[in-house]
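As C-alpha cells, the structure follows; a few thoughts come after it.
The values are calculated or read from the model by the stated rules, or taken from the named source; none is laboratory data. In this text the structure is predicted, and so the values were computed from the model without any measurement. We place every Cβ from the backbone using ideal geometry, glycine too, and count neighbours over all the protein chains shown. Accessible surface areas use protein heavy atoms only, side chains included; no ligands, DNA or RNA. Shrake-Rupley method; radii C 1.70, N 1.55, O 1.52, S 1.80 Å.
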Amino acid sequence: QKEVEQNSGPLSVPEGAIASLNCTYSDRGSQSFFWYRQYSGKSPELIMFIYSNGDKEDGRFTAQLNKASQYVSLLIRDSQPSDSATYLCAVKEEAGGYNKLIFGAGTRLAVHP
Amino acid sequence: KAGVTQTPRYLIKTRGQQVTLSCSPISGHRSVSWYQQTPGQGLQFLFEYFSETQRNKGNFPGRFSGRQFSNSRSEMNVSTLELGDSALYLCASSSGLAFSYNEQFFGPGTRLTVL
C-alpha cells in the first residue's frame, strides 16, 4: 500500500516567521509531487508542484524534494494569518502513467498575529 | 478560463437511495478524476476518466461508478447509499496526457449527507 505521511499538526507559527511543512512517501518510483492548500470548508487549491530534486521557489513558497530520502517539504516565508489552512501533500502514482494522486492526511498550519 | 464546476453543491439523501453528481472540467482538459474526502480517511481516489474511458480506479466498492461524456463532462453515481458515504466528493480536472505531469485542479465539491 503506497503511503504519504504528514504530521497532522497543528503547526503554530508567528506572523512573519518561516513555516516548514514536511511529507514522506513510500513509493521510491514516485516522480511527481504536489502541495495543495485547503481552507476549512473549501476544496484543495494547488499551490506548488515539483518533479526534480532540489528546490523550487514561487513567491513566498519553496518546495524541496529529496528523492533519495523520499522526502518533500514546503517552506512558507513571511507567514501571514491568511496562510492558516491545511496543507496537503500529494504524490502521483506512476503505475500505468495515468492520474492518481495519493494524499497525505494534511498538516494544519496556524499563523498567529 | 472558467474553473472546474460541480453540481449540486449540497445533497441530502437517505440510506438505500442513489445519487448522481456532475463535474465539468476546465475547458480543454480531457481528464476528470473523482475523490472522496472524509475526516477519518482524508482524500481518497475513486476513479479517473479520460476520453470517455475509465483508466484508473481506487479501492471503492462497485456501488461507486462513473462515466464521462464526449464533451469531457463526468458524472459519478453512488447506489444503495450508506451512512459512511457521507463525504465531500471532489472532482479534479487535468489535461490527462499519459506519462506527463498533469497538475490536477479541483472543483468546489459536492457535500453529500446520508441520513
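Tabulated data
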quantity	calculated
Of all residues in segment B:83-105 being among the hydrophobic types (A, V, I, L, M, F, W, C) and farther than 17 Å from B:G28 by Cβ, the one that is farthest from the chain's Cα centre (by Cα)	B:F99
2 or more residues under 25 Å from B:S100 (Cα atoms): qualifying strands (runs of 3 or more DSSP E) within segment A:35-113	A:45-50, A:54-58, A:61-66, A:71-76, A:85-92, A:101-103
Cβ-Cβ under 8 Å pairs, at least 6 apart or on other chains, segment B:87-98 side facing another protein chain (nearest Cβ under 10 Å) and under 18 Å from B:P8 (Cβ atoms), far side open to solvent by 10 Å² or more (accessible area, probe 1.4 Å) and of a type in the set (S, T, Y)	B:L88/A:S43; B:L88/B:T38; B:L90/A:S43
Which listed residue, of B:S79, B:S51, B:S31, B:S72, is of a type in the set (S, T, Y) and away from chain A (no Cβ under 14 Å)	B:S79
Among residues of segment B:88-108, those that are open to solvent by less than 20 Å² (accessible area, probe 1.4 Å) and either among the polar types (S, T, N, Q) or on the phi > 0 side of the Ramachandran plot (or both), counted	5
Residues that are charged (D, E, K, R) and out of contact with any Asp or Glu (no Cβ under 7 Å at 6 or more places or on another chain), drawn from segment A:51-67	A:D55, A:K56, A:E57, A:D58, A:K67
Boolean, B:I12 is open to solvent by 20 Å² or more (accessible area, probe 1.4 Å) and in a strand (DSSP E or B)	yes
